[in-house]
Amino acid sequence: LWRLLGGPMSKKPLDEAAVLELQADLFAEDVDPPSPLPAWAEDQWIAFFESGGDAAAAEAELARKAAAAAGPPRYEVVHRACFVRAEPSVKAKPVGQQTRGTVFEASAVRDGWVKLSHNAPGFDAMSSSSPTGECWMLIDGSEVGLGELLRLRPPQLSAAALAAAPVEGAVALVSLEEAASGAAPPCAGRVVVRLSGEESAEEVRQLKALPHAFVLLDPPASLSRLHASRRVFSLFEQEGIDSAVIHAFRPPPSDGNELALQLGSQVGGLLCDGLGDGVAIVPQEGASFGTDFLRTTSFGLLQGARMRSTKTEFVSCPSCGRTLFDLQEVTAQISSRTGHLPGVAIAIMGCIVNGPGEMADADFGYVGGAPGKVDLYVGKEVVRRGIPNEDACDQLIELIKENGMWKEPEEEEAGEESAAVAA
């Protein structure tokens, strides 16, 4: 009677005795349970018996629970730029645009179109100019020559949600206390333990006996990240714990320059000291950083900490009265043509007074030798002198090719920019 009146139901798979008891409670003796017995929780068995023995009903109940636990679906823009329209039609009025890397929640999905929720970036401005007050985006533009435009993001589920709606092979994020008490859901393929930096030495010591993929170091705003993080690494060293550590960084709404500054000062110093193995940027509510920007910024941090090289390394002098060319303009020109060469370091120096010394670790050097002239270096050795400014960038590329360190940049899909306008 308690169960039928809506009392608490077991979230764990029922054994045979519990299934038979539930069958009797529901007066479903004429419905035979499947053999072998599936690993269904109580609400799935109820759906099965009440449907007269339809296994699909039990699976649908599992899908419903998973969807409810995951919350609204989230999509990421994977095309360069896509129009937002007032109705789900390519002929409808464009009311805005979303660029690659933007992630948003969907309030509805209909016939291959996604309706943006009210908290999507720029929703207020777009909906106010929409005749219907709605904002729609096309998911796949193959029929109009575009390919994939939006990609469904995997749901982020808590350990409790995973226990209620198991997802086989999921990665469970749990606190140290939850991990020690065995609260990680059985369906989890891997477990990630979150530390706040406030744990005692005794609590941290428990990590040695707990299976986990890595540690997510996530100090609250009330703590000094630098002090809390260094304390955790000190405890790891004392206890002989060699777990991989990812720093969780949660920036508030701000511009990209402020994000890069805070990320470098709060996490970069730790990584440069060998304290940590990576960073996970999790923007706070209201922040509208695109995924592409967060990815590039993260890889830039790892490259600056000498942990992973994903682009060309540029070294430049600060510029002074001896500089023999426009340092910013030349740096931008060289960067635009050679920025796709991971593992290559190029030094751009305004004069020969300090240039050769400051660029000692670079693979190639571009140094002002005289007014209107540039000298090119390989390592510490000058190999070409007195090159006119207008030819120097081309000859630098030739030099990189001669030394076997050049690769052609990956080309954008043909017609991508014009096609995005048609979306």
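Could you list, in sequence order, the residues of the range 83-142 that are part of a loop (DSSP other than H, G, I, E, B), at pLDDT below 90 and closer than 24 Å to Ile281 by Cβ?
Arg100, Gly101, Thr102, Asn119, Ala120, Pro121, Gly122, listed by residue number.
Taking the condition at pLDDT 80 or above and at positive phi, does Gly71 pass?
No, not satisfied.
Of all residues in the range 363-374, which are surrounded by fewer than 22 Cβ atoms within 10 Å (Cβ to Cβ) and touching a strand residue (DSSP E or B) at 6+ places or on another chain (Cβ under 8 Å)?
Result: Asp363, Gly369, Ala370, Gly372, Lys373.
Being out of contact with any Gly (no Cβ under 9 Å at 6 or more places or on another chain), of a type in the set (Phe, Trp, Tyr) and over 24 Å from Asp394 (Cα atoms) is true for just one of Phe299, Phe293. Which residue is that?
After ruling out the rest, the residue left standing is Phe299.
Kindly indicate whether any position in the range 388-402 is in a strand (DSSP E or B) and either over 36 Å from the mean Cα position of the chain (by Cα) or closer than 16 Å to Thr338 by Cα (or both).
There is at least one residue in the range 388-402 that is in a strand (DSSP E or B) and either over 36 Å from the mean Cα position of the chain (by Cα) or closer than 16 Å to Thr338 by Cα (or both).
If the Cβ limit is 7 Å and pairs must be 6+ apart or interchain, which residue in the range 25-36 that is in contact (Cβ under 8 Å) with a residue 12 or more places away in the chain and open to solvent by less than 40 Å² (accessible area, probe 1.4 Å) pairs with which residue that is in a loop (DSSP other than H, G, I, E, B) and not hydroxyl-bearing (Ser, Thr, Tyr)?
As it stands, the answer is Val31/Gly52; Val31/Gly53, since those pairs meet every condition given.
How do the pairs read when you match residues in the range 271-291 that are closer than 14 Å to Ala248 by Cβ and in contact (Cβ under 8 Å) with a residue 12 or more places away in the chain with residues anywhere that are outside any loop (DSSP other than H, G, I, E, B) and of a type in the set (Val, Ile, Thr), using Cβ under 6 Å and keeping only pairs 6 or more apart or on different chains?
Gly276/Val245; Asp277/Val245; Gly278/Ile246; Val279/Val267; Ala280/Ile246
Every residue in the range 39-50 that is in contact (Cβ under 8 Å) with a residue 24 or more places away in the chain and open to solvent by less than 40 Å² (accessible area, probe 1.4 Å), please.
Hits for the range 39-50 are Trp40, Ala41, Glu42, Asp43, Trp45, Ile46, Phe49.
Which number in (1) hydrophobic (A, V, I, L, M, F, W, C); (2) touching a strand residue (DSSP E or B) at 6+ places or on another chain (Cβ under 6 Å); (3) without any contact (Cβ under 8 Å) to a residue 24 or more places away in the chain marks the one condition that Ala345 misses?
If we test Ala345 against (1) hydrophobic (A, V, I, L, M, F, W, C); (2) touching a strand residue (DSSP E or B) at 6+ places or on another chain (Cβ under 6 Å); (3) without any contact (Cβ under 8 Å) to a residue 24 or more places away in the chain, just (3) comes out false.
For every residue, the table says whether it meets (1) among the charged types (D, E, K, R); (2) under 25 Å from the mean Cα position of the chain (by Cα).
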{"residue": "Val193", "(1), (2)": "no, yes"}
{"residue": "Gln206", "(1), (2)": "no, no"}
{"residue": "Ala213", "(1), (2)": "no, yes"}
{"residue": "Asp218", "(1), (2)": "yes, yes"}
{"residue": "Ala221", "(1), (2)": "no, yes"}
{"residue": "Ser224", "(1), (2)": "no, yes"}
{"residue": "Val232", "(1), (2)": "no, yes"}
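When the residues of the range 246-274 are narrowed to those that are assigned to a helix (DSSP H, G or I) and surrounded by fewer than 16 Cβ atoms within 10 Å (Cβ to Cβ), which ends up modelled with the lowest pLDDT?
My answer is Gly256.
I'd like to check which helices (runs of 4 or more DSSP H) are fully inside the range 283-362 and have at least 2 residues that are at pLDDT 85 or above, farther than 30 Å from Gln98 by Cα and open to solvent by less than 50 Å² (accessible area, probe 1.4 Å).
Correct list: 327-338.
The values are calculated or read from the model by the stated rules, or taken from the named source; none is laboratory data. Everything numeric here is computed off the predicted structure, so don't read it as measured data. Virtual Cβ from ideal backbone geometry, glycine too; neighbours counted across all protein chains shown. With ligands, DNA and RNA removed, areas are computed over all heavy atoms of the protein, side chains included. Shrake-Rupley method; radii C 1.70, N 1.55, O 1.52, S 1.80 Å.
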